[in-house]
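Following: one structure in structure tokens, then a few remarks.
The values are calculated or read from the model by the stated rules, or taken from the named source; none is laboratory data. Please read these numbers as outputs of a predicted model, since none were measured by experiment. Cβ atoms come from the backbone with ideal geometry, glycine included; neighbour counts cover every protein chain shown.
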Amino acid sequence: MKDVHVPRPGETLSDAILQHLKYSLGKDAAHATTTDWRMALSLAIRDRIVDPWFASTRATYAKQGKRVYYLSMEFLIGRLLEDATVNLGLMDEVAEFFDDRSLDARMVMQDEPDAALGNGGLGRLAACFLESMSTVGCPAYGYGIRYEHGLFKQSFEGGRQMEAPEDWLTEAHAWEFERPESSYRIGFGGAVKVLGNRTVWQPEETVLARAYDMPMIGWQGRWANTLRLWSARPETVFDLDRFNAGDYYGAAEPEALARTISRVLYPDDTTEEGKRLRLKQEFFFTAASLRDILRRFEDEYDDWSILPSKVAIQLNDTHPAIAGPELVRLLHDEKGMDFDAAVEAARGCLGYTNHTLLPEALERWSIELMRSLLPRHLQIIERIDAAHAAAHPDRKVVLIGDGDVQMGPIAFTMAHRVNGVSALHTGLMKETVFAELNRLHPNRIVNETNGITPRRWVLAANPRLSGLITEAIGDGWVDDLEELMQLEPMADDAQFRDEYAAAKRANKVDLANYLGQQGLAVDPDAMFDVQIKRIHEYKRQHLNILQTIALWQEIKDDPKGDWVPQVKVFGGKAAPGYVFAKEIIFLINAVAEVINNDPDTSHLLKVAYPANYNVTLAERLIPAAEVSQQISTAGKEASGTGNMKFALNGALTIGTLDGANVEIRELVGADNFFLFGMTAQEVVARRQIDDHAAKAIAEAPRLKRAMDAIASGTFGERFASITENVSGDDYFCVASDFADYWRASRDLEVAYRDQADWTRMAVLNTARSGWFSSDRTIRGYMSDIWGAEALSV
Ligand code: H2P
């Protein structure tokens, strides 16, 4: 899809869509399918992005400003058409065009496949950052992998999660520009030779990294950056000798092997082969990105010592942490810089964001694997480790220890700034995982609390609420979200509250219709309570479902009681190899099956678990939510970003003092937030108590009853792994937090009965969540980490 149609002066969007339908797609309007219309619209919109995109690139060259490079294994961009249309202010025109043809613009837009090039918050954060960097005019590139298949598609069979390959690329993708001229040879394995005074890595296997660019347009089209994704290609397409010898499979092998690298996101890495592939993927995209970054630098400058004043590279988690050693290798081995100077220059460029304290996410690779795949990098890491040891003789942290290369400490040592993603998480990072490194490098750790882009998460996803806000305070909030503060007094204005409540109700009706189409009838007047995120023990979806069972039991005891009807919505995928998380999914579905079909209670309580949670589904659920479940074990959720989206869209949070919940509660006010559970310190202390779970269960008869119901087969299977976990070790303190969670859930229901007051609290949540714009976060990174300046065209 290489032809760019240049809009002719005076050409309307409508002309452009029709031109593309005819000349790019070869279709007659009378026979166009929804996909044809979607492609024609996408190409017409894309044309309008190209000029600002070029202008931004030109401005960056002209001003010789510092460029930011955001390296991430994940970019959970979802659909791009609606975002781009909204940011260009063309939504009304598009709606009119399709109205005139008796077509629904939203349906056309929803035809776009959801690019699931990420897993959860980490990848979605990267996508919000790309949009915000364009909105604030920060010259930037996102770098990642063009996975042929993103995160798997989830379905349920008999309540169990099934996984199928995701296929966003089976249809033409309107947003990417293939760049065959931007290809780099990436090596693996082989040997390291010393030739004269130079060290040379001679890889034994090489693949090509080919660039694909997507323009990322900011608000009002003022600036556009690039997301450059790498696709793996073989050096030789196929082996003609083997083919002619009749070995047809063998002839295709080089291609198949090379392409494996960019085939899927997060291949199962429980096997050695899986680990090898994962490390290959990480090196592949990091090395290609660094080569591209240095090539761009060399086009403009010839003094390597100024690299850190022109280049900021952000490592999104440890996945691209090999960037440190690779940059040193490029600068020292290939560009001839002195080793220590190369380390300093690399450190001057690099920043590292830590997204979790869970040990599973601080990657480590066996020394053997590193030696066999990246032998030169292992040497460089050893040398940096030795220098670090010499500089800090009393240090305990090692870059290579316990037989493994430790990517967390490597990222820390090679970065000039290391940041956490919420105030609590940053504090805990200093006290726990990086305590020792923080002592040695006291000013390196900084906090940048996460944020979300209001363009996608309010303006596009919730047009009813955004219309109301704009009517009340103008549209300045869209790129200055703290303007929402002006809504505060309106929380006491009955008419405004009614309109606000009406917008929420209409969103609930939409969601009810959607769930209805999937076979689950729900009452739009029930309280909509939502927990959407990766399924993980620390996020405690099992706490939520246990509470749901207990509630069902109480309703069943007294079906005529004064209950608040509610719909409990779950959404999320479990990693394919994570057996316990898959069991939680199975339990939720089993409970849903029983509760939803119970004639005594089903008018009061429903459980919905729409399959295949992704960005598109989040855009549907969040605007309709009234209750936001943020119930992780305190100290475990680094930040959360869904929590911010919900608060902004007027859902009230029930949550622990974890991650950014702490900051949300401070900002929206303790009275407008339903707090429960132990603090991070209390959790640590609680775990020291013998049989803490058994003790908690003994004191919480409702929990005991719910667990007994599961164990006795009320929901089909007996889910022994879950009940044994909660009543046994219970590392995540489900049992110990249950009673208080129950109490807070009841408080919520009491509050919900007073609809006027509930809406008042919801309005205050919206009004006071402006600080969570990712524009604010990006400005923080620019000043505290990158030293980058905003530009304009
Ligand atoms: C992670 C953290 C979240 C954090 C997000 C972005 C890894 O995302 O756990 O707490 O908000 O990064 O910093 P997630 O669990 O959603 O996959």
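Per-structure values
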item: Failed item in (1) closer than 27 Å to Asn649 by Cα; (2) buried (at least 22 other Cβ atoms within 10 Å of the Cβ), with Val591 passing the rest; result: (1)
item: Test set (1) buried (at least 21 other Cβ atoms within 10 Å of the Cβ); (2) in contact with a helix residue (DSSP H, G or I) (Cβ under 8 Å, 6 or more places away or on another chain) - Asp510 fails condition number; result: (1)
item: Only one of His355, His377, His319 that is surrounded by 23 or more Cβ atoms within 10 Å (Cβ to Cβ), closer than 23 Å to Lys275 by Cα and within 16 Å of the ligand (Cβ to nearest atom); result: His319
item: Condition met for Gly65 (within 16 Å of the ligand (Cβ to nearest atom) and out of contact with any Phe, Trp or Tyr (no Cβ under 9 Å at 6 or more places or on another chain)); result: no
item: Filter pass, His149 being more than 16 Å from the ligand (Cβ to nearest atom), within 17 Å of the chain's Cα centre (by Cα) and surrounded by fewer than 23 Cβ atoms within 10 Å (Cβ to Cβ); result: yes
item: Criterion: under 28 Å from Arg291 (Cα atoms) and of a type outside the set (Val, Ile, Thr) - qualifying residue of Ala172, Ala95, Ala164, Ala191; result: Ala191
item: Pair list, Cβ under 6 Å, 6 or more apart: segment 418-441 residue under 11 Å from Asn354 (Cα atoms), other residue within 16 Å of the ligand (Cβ to nearest atom) and assigned to a helix (DSSP H, G or I); result: Gly420/Thr426; Gly420/Met429
item: Criterion (modelled with pLDDT of 95 or more, farther than 30 Å from Glu619 by Cα, away from the ligand (no atom under 16 Å from the Cβ) and not polar (S, T, N, Q)) met by exactly one of Asp385, Asp394, Asp402; result: Asp385
item: Arg179 vs. criteria touching a residue at least 12 places away in the same chain (Cβ under 8 Å), in contact with a helix residue (DSSP H, G or I) (Cβ under 6 Å, 6 or more places away or on another chain) and more than 16 Å from the ligand (Cβ to nearest atom); result: no
item: Elements of type helices (runs of 4 or more DSSP H) contained in segment 696-793, each with 1 or more residues being within 22 Å of Glu682 (Cβ to Cβ); result: 701-711, 720-727, 734-753
item: Gly65 being farther than 28 Å from Leu21 by Cβ and surrounded by fewer than 21 Cβ atoms within 10 Å (Cβ to Cβ); result: yes
item: Qualifying positions in segment 615-630 - away from the ligand (no atom under 13 Å from the Cβ) and not in a helix (DSSP H, G or I); result: Ala625, Glu626, Val627, Ser628, Gln629
item: Only one of Gly144, Gly89, Gly120 that is within 16 Å of the ligand (Cβ to nearest atom) and surrounded by fewer than 24 Cβ atoms within 10 Å (Cβ to Cβ); result: Gly120
item: Condition met for Trp786 (out of contact with any helix residue (DSSP H, G or I) (no Cβ under 8 Å at 6 or more places or on another chain) and buried (at least 17 other Cβ atoms within 10 Å of the Cβ)); result: yes
item: Residue match in segment 425-440 (condition: outside any helix (DSSP H, G or I) and either crowded, with 18+ Cβ neighbours inside 10 Å or more than 16 Å from the ligand (Cβ to nearest atom) (or both)); result: yes
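Residue-by-condition table, conditions (1) part of a helix (DSSP H, G or I); (2) within 13 Å of the ligand (Cβ to nearest atom):
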| residue | (1), (2) |
| --- | --- |
| Ser632 | no, yes |
| Glu637 | no, yes |
| Lys645 | yes, yes |
| Ile654 | no, no |
| Leu657 | no, no |
